[in-house]
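Student: Here it is: the structure, laid out below.
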Amino acid sequence: MLLTVAAFLVALGLLIAIHEFGHYQVARWCGVKILRFSIGFGKPLLRWTSHSTGTEFVLSILPLGGYVRMLDEREGEVPAAERHLAFNTQPVYKRFLIVAAGPVANLLLAIVLYAAAAWQGMPQLQPVIAAPPQGSVAARAGLHGGDVVVALQRASGTGESMTVASLDALRWHLVRAALAHEDVVLTVHPSGSGRTEQIPLRLRDAALEDAGGAIEQRLGIGAPWIPAVVGEVLPDSPAQRGGLRMGDRVEAVDGVPVPDAIQLRQRIRAHVSPQAQHWRVLRGGSALDLNVLPEVQTQGGVSFGRIGAVLGSLPATTIVRLGFLDGLEEGVQRTWEIASMSLQTMGRMVLGQASLKNLSGPLSIADYAGRSAQAGWTSYLLFVALISVSLGVLNLLPIPVLDGGHLMYYLWEFLTGKPVSAPWMERFQRVGMAFLGGLMLIALFNDVARMLGS
């Protein structure tokens with residue numbers, strides 16, 4: 001719990017500081033006087049005033065935002081000698097740049113963080129897929145558990161194949177193609193053999209409007225391939241009574257081949273019969289036939305079988321590390337792609353083509369922060385980068401109250417030569433506040449629903 005809170009506050013503080021620093025630095029470049037730079041709202045905890053610029057730097061008690069207060073005739077009296085330093089007296093293009101600098105700073109931070117993760121390198125799952133669920137796109141295409149995907153080609157591409165270095169990269173490319181309703185062709189080594197096959201994957205009709213992990217579930221490619229190997233066997237368990245030993249490789253259950261540990265676990269959980277299962281296992285190069293009777297348990301009104309043994313070993317991993325320029329290119333590309341996907345998802349939610357369950361609030365973000373911090377430094381960097389992209393994209397949306405709303409005001413002023421009138425701006429602000437308040441309520445509801453369902 002302490003790690004979750006700390007990871008959340010560090011990420012939030014960094015993202016807010018970078019966002020406000022963007023406004024601050026560009027305002028200084030444009031010759032605007034900065035009165036206060038604040039991280040957080042409410043009662044100040046720490047404050048310091050720069051003798052050279054007169055700017056007051058503040059850390060406040062509520063770390064859920066921040067602001068840069070500039071000299072402005074609309075917020076107070078401005079001495080005639082300093083009028084040229086006021087924000088409202090600047091040309092419209094300077095005001096546009098100052099406001100846009102906050103979201104742009106978040107996007108630049110994401111590029112640096114994604115690049116840093118690529119430079120450092122991280123262990124990733126090898127692109128060996130688990131047996132796809134029945135009815136999934138991958139199952140209909142003829143993919144099987146243990147197939148190794150080595151390359152991918154999108155239908156809209158130039159004809160060149162993209163090398164698939166990891167399972168994470170494969171999932172990323174497939175989700176992107178699916179959201180764009182593009183078919184792909186996978187280059188596969190079936191079951192890790194030396195043979196190569198080209199397998200077309202139809203994604204244009206995959207119907208991806210649901211939330212969460214439903215996309216990968218529908219695609220059928222998400223979980224890593226884990227061999228159906230027996231690990232630790234508990235004493236006096238159904239597994240021990242059936243003769244299973246650590247290291248046994250399960251080939252078939254009741255005459256049906258078992259491609260991986262996931263399928264094996266599903267077969268065991270689904271067995272609630274008093275009849276034993278017939279297992280074919282390999283032990284020391286020899287095939288053995290064993291009778292294993294899963295023990296039936298009931299939880300939450302649902303009955304399932306269990307045998308009291310660890311099934312499966314750790315999936316194979318590989319270290320993916322890029323050089324400086326390649327890592328920087330990866331950072332730019334990943335930031336652009338996530339921003340594009342975010343906008344597509346938001347657009348579909350507005351049109352009713354995607355579920356509002358995609359929205360996540362502060363509780364889910366805090367939970368993800370804690371989990372990523374536990375997973376390691378690189379995972380935490382990727383988490384912060386993802387939230388930074390989301391924050392940058394959100395603030396660029398043309399919603400009153402947000403930076404994007406102010407950019408729309410300045411665009412109107414640039415095109416018409418007249419600023420938006422104060423009464424209309426006040427109306428827009430009320431609409432924007434109501435809209436954002438509604439989104440926050442939905443996001444909080446989703447957070448609570450996820451926690452109650454977990």
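The values are calculated or read from the model by the stated rules, or taken from the named source; none is laboratory data. Predicted, not measured: the structure shown is a model, and the values here were computed from it. Please note: Cβ atoms are built from the backbone with ideal geometry, for glycine as well, and neighbour counts cover all protein chains shown. In case anyone asks, the SASA skips ligands and DNA or RNA and just uses the protein heavy atoms, side chains included. Shrake-Rupley method; radii C 1.70, N 1.55, O 1.52, S 1.80 Å.
Student: Looking only at residues in the stretch 116-168 that are of a type in the set (D, E, K, R) and part of a loop (DSSP other than H, G, I, E, B), which one is farthest from Val332 (Cα to Cα)?
Tutor: Asp147
Student: Kindly provide the set of residues from the stretch 290-315 that are out of contact with any Gly (no Cβ under 9 Å at 6 or more places or on another chain) and of a type in the set (A, V, I, L, M, F, W, C), ordered by number.
Tutor: Val302, Phe304, Leu314
Student: Give just the number: which of (1) over 29 Å from Leu386 (Cβ atoms); (2) surrounded by fewer than 12 Cβ atoms within 10 Å (Cβ to Cβ); (3) free of Cβ contacts under 8 Å to residues at least 24 places away in the same chain does Leu325 not satisfy?
Tutor: Leu325 satisfies all of (1) over 29 Å from Leu386 (Cβ atoms); (2) surrounded by fewer than 12 Cβ atoms within 10 Å (Cβ to Cβ); (3) free of Cβ contacts under 8 Å to residues at least 24 places away in the same chain except (1).
Student: Just to be sure, is Gly361 on the phi > 0 side of the Ramachandran plot, modelled with pLDDT under 90 and of a type in the set (Gly, Ala, Ser)?
Tutor: In short, no.
Student: Pick from the stretch 291-303 the residues that are more than 17 Å from Asp254 (Cβ to Cβ) and in contact (Cβ under 8 Å) with a residue 24 or more places away in the chain: which of them is surrounded by the fewest Cβ atoms within 10 Å (Cβ to Cβ)?
Tutor: Taking the candidates together, the pick is Ser303.
Student: Filter the stretch 31-81 down to residues that are of a type in the set (Gly, Ala, Ser) and in a loop (DSSP other than H, G, I, E, B) and give me whichever is modelled with the highest pLDDT.
Tutor: Top of the filtered list is Gly31.
Student: In the list Leu35, Leu64, which residue meets the criterion of being open to solvent by 60 Å² or more (accessible area, probe 1.4 Å), closer than 21 Å to Ser390 by Cα and either touching a Leu at 6+ places or on another chain (Cβ under 9 Å) or β-branched (Val, Ile, Thr) (or both)?
Tutor: Leu64
Student: Anything in the stretch 378-413 that is more than 16 Å from the chain's Cα centre (by Cα) and open to solvent by 30 Å² or more (accessible area, probe 1.4 Å)? List them, or say none.
Tutor: The answer is Leu396, Leu397, Pro398, Val401, His406, Met408, Leu411, Trp412, Glu413.
Student: Answer yes if at least one residue in the stretch 6-19 is in contact with a helix residue (DSSP H, G or I) (Cβ under 8 Å, 6 or more places away or on another chain), open to solvent by less than 60 Å² (accessible area, probe 1.4 Å) and either assigned to a strand (DSSP E or B) or more than 22 Å from Ala366 (Cβ to Cβ) (or both), and no otherwise.
Tutor: no
Student: Would you call Asn106 among the polar types (S, T, N, Q), within 36 Å of the chain's Cα centre (by Cα) and either assigned to a strand (DSSP E or B) or surrounded by 12 or more Cβ atoms within 10 Å (Cβ to Cβ) (or both)?
Tutor: yes
Student: So in the stretch 169-195, with the set limited to residues that are under 17 Å from Gln126 (Cβ atoms) and either among the β-branched types (Val, Ile, Thr) or not in a helix (DSSP H, G or I) (or both), which one is modelled with the lowest pLDDT?
Tutor: Ser193
Student: Now for a different question. Return the total of residues in the stretch 20-32 being under 9 Å from Phe87 (Cα atoms) and open to solvent by 50 Å² or more (accessible area, probe 1.4 Å).
Tutor: Number of matching residues: 0.
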